[in-house]
Amino acid sequence: MQLTYNQMVVEQVSDTDIDRIFQALADATRRDIVRRVLQSEQSVSALASGYAMSFAAVQKHVAVLERAALVAKARRGREQLVHGNPDGLRRAQLILDRFEELWRHRAAGIASILAED
Amino acid sequence: MTSITVEKDLEALTMTFVAEFDAPVERVWQVWEDPRQLERWWGPPGWPATFTRHDFTVGGQSRYYMSGPDGEKSGGWWEFTAIDSPHRLVFDDGFADESGEPLRESMVTTMTVTLETVDGRTRMSNLGQFTDPEEFEKMLAMGMEEGMRLAVGQIDAILAG
């Protein structure tokens, strides 16, 4: 039932994709990582130095973001560089725009009821 | 013409939809109070809502379902916690099973609807308050509607940042 509701909201993005995007963005550190790597690509160790948590923990956050296609990693020499994936974010934005559409639809529905008076 | 804005406060886990209508507040109040009017606008496109119960009193509950294009149904429930006619309405909103009974494990959103007169029109603000962040995360994993509402704020903040 809930899956059905999902599908009607976003037809071209699978439920698994949606789950991954929302899970990825539900965490403040991960949102901060996305912000940083959209500005400039950074190594996982450079990112890790910016947070009060272990390298492994930061690496885990990056992996979650990578699975959601919000960031991508590239190896350069001995370093793993993380960069933002604007396409992934745009796709997520598309999902959300549909929600705004739902409320616009509701407001238009109310306006048309009022117009019958 | 109807104008609408969406405001998101990620830190407070809230989202507000604001729309203005060319009608007095008493008239706009009726689209919430009267289930026959309510069901004409609550459902998403192609998913008309049917309210089988709408006990519009403090402590009262509503049951509704939305019917999809292939005959599938998606249910929901409300429980009213404050009603100050015709200016303010507060209710909890959650998912329901096929028979319309609340799904206990599902995320509950508190909705506050405020109607006020601004320049001779009615401004309707719908504030969605998500409850507990842990519940919230669980709900996000289920990919529900409210999850998407919150994520609007998250993504906007990232794109703006």
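Which pairs turn up if I take residues in the stretch B:59-75 that are within 17 Å of B:Thr110 (Cβ to Cβ) and look for partners that are charged (D, E, K, R) and part of a loop (DSSP other than H, G, I, E, B) with beta carbon separation below 8 Å, at least 6 apart in sequence or on another chain? Note: pairs meeting the criteria are B:Gln61/B:Asp55; B:Ser62/B:Asp55. Taking the stretch A:30-58 as the range and being in a helix (DSSP H, G or I) and crowded, with 17+ Cβ neighbours inside 10 Å as the test, the residues that pass are A:Arg30, A:Arg31, A:Ile33, A:Val34, A:Arg36, A:Val37, A:Leu38, A:Val44, A:Leu47, A:Ala48, A:Val58.
Give me the residue from the stretch B:86-102 that is free of Cβ contacts under 8 Å to residues at least 40 places away in the same chain and surrounded by 16 or more Cβ atoms within 10 Å (Cβ to Cβ) and, out of that set, nearest to the other protein chains (Cβ to nearest Cβ).
Pass one, the stretch B:86-102, residues free of Cβ contacts under 8 Å to residues at least 40 places away in the same chain: B:88, B:90-94, B:96-99, B:101-102.
With the extra rule that they be surrounded by 16 or more Cβ atoms within 10 Å (Cβ to Cβ), the set shrinks to B:90-94, B:96, B:102.
Details: B:Val90: 18, B:Phe91: 15, B:Asp92: 18, B:Asp93: 13, B:Gly94: 12, B:Ala96: 9, B:Pro102: 13 Å.
Checking each candidate, the answer is B:Ala96.
Among the residues of the stretch A:28-60, the ones that are within 14 Å of chain B (Cβ to nearest Cβ) and under 20 Å from A:Pro86 (Cβ atoms) come to 11 in all. Is one or more of the residues making up the stretch A:83-102 buried (at least 17 other Cβ atoms within 10 Å of the Cβ), touching a Pro at 6+ places or on another chain (Cβ under 7 Å) and modelled with pLDDT under 85? Yes, the stretch A:83-102 contains a residue that is buried (at least 17 other Cβ atoms within 10 Å of the Cβ), touching a Pro at 6+ places or on another chain (Cβ under 7 Å) and modelled with pLDDT under 85. Within the stretch B:42-58, not a single residue is away from chain A (no Cβ under 13 Å), closer than 20 Å to A:Gly109 by Cβ and within 13 Å of the chain's Cα centre (by Cα). When only residues in the stretch B:59-85 that are more than 14 Å from chain A (Cβ to nearest Cβ) and in contact with a Lys or Arg (Cβ under 6 Å, 6 or more places away or on another chain) count, which is farthest from B:Val28 (Cα to Cα)? My answer is B:Arg63.
The values are calculated or read from the model by the stated rules, or taken from the named source; none is laboratory data. Nothing here was measured: the structure is a model prediction, and the numbers come from that model. Please note: Cβ atoms are built from the backbone with ideal geometry, for glycine as well, and neighbour counts cover all protein chains shown.
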